[in-house]
């Protein structure tokens, strides 16, 4: 997948400025695709040049003018082509896992601290995703929304983000607890000699 497909998918929800798109990425797309605002602005220019999105200038009296972008029919066709192509398996590439892999031969204190910090970050993200899911449901119970909601794609990707962050938090706390207990046990063993 390229950034272009993530941008096209985000623009399916309506007309966005580059700034609004960056905010949409922070809340709705960040759980499966990371992009800096500069990357998004560059991609918007490319997509518009290729005719996959259309931009229009909005004159504002008290603020700088802005451009709003929407997906064109060609953009929807590109998303359909992308959706029909085979997906690559996902993989984990995480420097914290390298540190955990090494924990038996290095000072475990910093690794435990990083695991606990990552758990706090995952908890905060899970809370944001939970709020987003409640907003997307608009007061409907989840099962009813999933059967009858207008757009379930953003909901399902946000749900995946929530589940990932909750599982990641739980794993980090478990790993930190196991390492801490082993460290404590090793210290008692050395002290008892």
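Normalised by 2.2 N^0.38 Å, with N the number of residues, the alpha-carbon radius of gyration of the chain equals 1.35. Note on segment 3-84: Cα Rg divided by 2.2 N^0.38 Å, N the number of residues, gives 1.06. Taking every DSSP helix (H) stretch of at least 4 residues in the chain, weighting each as -39,500 (n - 2.57) and dividing the sum by the residue count yields a mean residue ellipticity at 222 nm of -21000 deg cm²/dmol.
If you run the Gaussian network model on the chain, springs between alpha carbon atoms under 10 Å, then out of 91, 25, 145 the most flexible one is 91.
Relative contact order of the chain, taken over Cα pairs closer than 8 Å and 6 or more residues apart, is 21 percent. If the viscosity is 1.002 mPa s and the temperature 20 °C, what Stokes-Einstein diffusion coefficient in µm²/s follows for segment 44-146 when Rh is the Kirkwood radius over Cα pairs? Diffusion coefficient, whole number: 111 µm²/s.
With the simple model of a label 7 Å out from the Cα in the direction of the Cβ, residue 39 to residue 114 spans 2.1 nm. Here the label points at residue 19 and residue 60, each 7 Å from Cα along the C-beta direction, are separated by 0.4 nm in the simple model. Ordering 111, 76 from the fewest to the most neighbouring beta carbons within 10 Å gives 76, 111.
Taking 20, 114, 57 in turn, the Gaussian network model of the chain (Cα-Cα springs below 10 Å) assigns the largest fluctuation to 57.
At a Förster radius of 25 Å, what calculated FRET efficiency corresponds to the Cβ-Cβ distance of residue 94 and residue 156, to the nearest 0.05? The formula returns an efficiency of 0.60 here. Between residue 32 and residue 134, residue separation times 0.36 nm minus the direct Cα-Cα distance comes to 34.8 nm.
Relative to the longest principal axis of the Cα atoms of the chain, the long axis of helix 37-49 lies at roughly 30 degrees. Using a simple spin-label model with pseudo-atoms 7 Å out from Cα toward Cβ, residue 68 and residue 84 lie 3.2 nm apart. In segment 1-42, one over the average inverse separation of all distinct C-alpha pairs is 10.0 Å, which is the Kirkwood hydrodynamic radius.
Each Cα pair under 8 Å and six or more residues apart adds its sequence gap; the mean of these over the residue count of segment 3-84 is a relative contact order of 35 percent.
Pairing the Cα long axis of helix 153-191 with the longest principal axis of the chain, what angle in degrees results, from 0 to 90 and rounded to the nearest 10? The helix 153-191 is inclined about 20 degrees to the chain.
Convex hull volume per residue, computed on the Cα atoms of segment 95-191, equals 103 Å³.
Since every read-out is calculated from the coordinates, none of them should be taken as a lab result. Predicted model only: the values in this text are computed from it and were never measured. When we count neighbours, we look across all protein chains shown, and the Cβ atoms used for this are built from the backbone with ideal geometry, even at glycine.
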